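This report refers to the structure that appears directly beneath it.
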Amino acid sequence: MHTAGLLLYLSTVASATPLLRTEGIASLADGTPAYREVHWRRGAPEGAQRWVQYLCPDGRPFARKELPGTAQPLARGYLLQDGRSGQAARVVVAGTQVSIDWKESAAEAERQARVPLPADAVIDTGFDAAVRAHWPALMKGEQVQLPFLVPGRQRFYPVSVRRTGALHWQGIPAQAIEVRLAAWYGVVAPRLSLVYADDDRRLLEFRGTSNLRDARGAYPAVIVRFAAPASPQPLAQWQQAWSQPLVASCTVSSR
């Protein structure tokens, strides 16, 4: 759905459904500010319609992602656009199939694929929902295996999720979660460390590889912290934020 259509649609439902906003601050391993993630969702349900803006340290948006409302929050499609590199993705889930359109950069050709949707599949931010869906098993110490979509490689890879322990994160009782590939697949070897709050099971911290390319064309390792829970915001604030054009000169990594 185009921005103009989204604005019109949201104006008709704003009185009935609040817009919830949360923000994450991303930094490099040495503490250098990388970018900010601003997440918006239309109401509290897990499968609610969502939007994500990626902002330069100075507040200008350089990338955005749209996720439609869905009854299957673990495996929903999305649209991604990065105004700096020209990186773009379109993932559509229809029944038991996933269509993937992937463009690594403005200079590269778009690649398309259609792959089967595995049982218990996880796509993009659906991983966040997957942690909460499997929370009881994880808290028992069980290891959960999930097929995770890597759109740039246009296939699903098996990942292993497990709880590594309890901790206090900035004074908040929380749980540490580790994610790694269930097997070795050459250069594809993602490993993520996540922290979730005990009370509402919301994501507090992400440590891993960014899904956005930096100025060198690499995917930098980042730490993203979400210190505050989502809060209701007026429709006008979302409209103003989402209508801003993407800039083409923001640098994600300073190295």
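The values are calculated or read from the model by the stated rules, or taken from the named source; none is laboratory data. Keep in mind the model is a prediction, meaning the values are calculated, not measured. Virtual Cβ from ideal backbone geometry, glycine too; neighbours counted across all protein chains shown. These accessible areas exclude ligands, DNA and RNA; they are computed on the full protein's heavy atoms, side chains included. Shrake-Rupley method; radii C 1.70, N 1.55, O 1.52, S 1.80 Å.
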Which of S99, S193, S210 is most accessible, then next, and so on - probe 1.4 Å:
S193, S99, S210
List the GluC sites (Glu not before Pro) within the range 83-138 that DSSP assigns to loop and that have no more than 16 neighbouring Cβ atoms inside 10 Å.
E108, E110
Net charge near V115 (other residues with Cβ under 11 Å of its Cβ; Lys, Arg +1; Asp, Glu -1) is +3
Once you place label points 7 Å from the Cα toward the Cβ at H168 and A221, how far apart are they in nm?
2.8 nm
³J(HN,Hα) computed for each position of the range 68-76 - Karplus, 6.51 cos²θ - 1.76 cosθ + 1.60, integer Hz, glycine/proline x:
x, x, 7, 8, 10, x, 6, 9, 10
Compute for the chain: radius of gyration divided by Kirkwood radius, i.e. Rg/Rh, restricted to C-alpha atoms, rounded to two decimals.
0.94
Two-site FRET efficiency, T209 against S243, from Cβ-Cβ distance with R₀ of 35 Å, rounded to 0.05:
0.70
Quick one: accessible area per residue over the chain, 1.4 Å probe, rounded to a whole number of Å²?
47 Å²
With unit charges on the beta carbon (Lys/Arg positive, Asp/Glu negative), name the residue among A29, A107, I172 whose Cα is farthest towards the positive pole of the charge dipole of the chain.
A107
Counting other C-beta atoms within 10 Å, and keeping those with at most 10, which DSSP coil chymotrypsin sites (Phe, Trp or Tyr not before Pro) do you find in the range 115-196?
W184
With springs connecting C-alpha atoms under 10 Å apart, model the chain as a Gaussian network and identify which of A109, A174, A230 has the largest mean-square fluctuation.
A109
For A230, what is the net charge nearby, where nearby means another residue's Cβ is under 12 Å from its Cβ and Lys, Arg count +1, Asp, Glu -1?
+3
